[in-house]
Amino acid sequence: MNEAINNLIKNEIGQNDVCLFMKGTPDAPQCGFSMAISNMLKILQVNFKSINILENEELRQGIKEFSDWPTIPQLYLKGEFLGGSDIVKEMYESGEFQKKLSEKSINYKKK
């Protein structure tokens, strides 16, 4: 991966408490998995930054190298890679995701 892409990824993760690399945008997701994580964040009213990896092929490949994770979407909480759609969905359903948000002092809507 080139240095510019590596720096872009590091900057986005570093500057945003919740950073979602996804296909499409929260308002127009381009895959069901990206839509699922985006919707979970919206339901919890978490303020998050989304990055559409479909706009840049180098970024699309670069984020996979950066995290050593083969699929998109990818969710980061305060610099920590949390996982993709299946992991986040499982954590959300068990309450583990909300616990992780609390541990990292990230505001969300409690039920």
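What follows draws every value from the coordinates through simple rules; no lab data is involved. Just so we're clear, the structure is a prediction, and the values are computed from it rather than from any experiment. Glycine also receives a Cβ, built like all others from the backbone with ideal geometry; neighbour counts cover every protein chain displayed.
You will find that of Asn52, Asn47, Asn56, the residue that is more than 13 Å from the chain's Cα centre (by Cα) and not aliphatic (A, V, I, L, M) is Asn56 and no other. Pick from Leu54, Leu77: which is within 18 Å of Asn11 (Cα to Cα) and either in contact (Cβ under 8 Å) with a residue 12 or more places away in the chain or not polar (S, T, N, Q) (or both)? Criteria check complete, one pass: Leu77.
Residues in segment 81-105 that are over 14 Å from the mean Cα position of the chain (by Cα) and in a loop (DSSP other than H, G, I, E, B) were compared, and the one that is surrounded by the most Cβ atoms within 10 Å (Cβ to Cβ) is Lys104. Reported count of residues in segment 63-94, each being touching a Phe, Trp or Tyr at 6+ places or on another chain (Cβ under 9 Å) and among the basic types (Lys, Arg), is 1.
When residues in segment 11-39 are screened for being touching a helix residue (DSSP H, G or I) at 6+ places or on another chain (Cβ under 8 Å) and closer than 12 Å to Tyr76 by Cβ, 6 of them pass.
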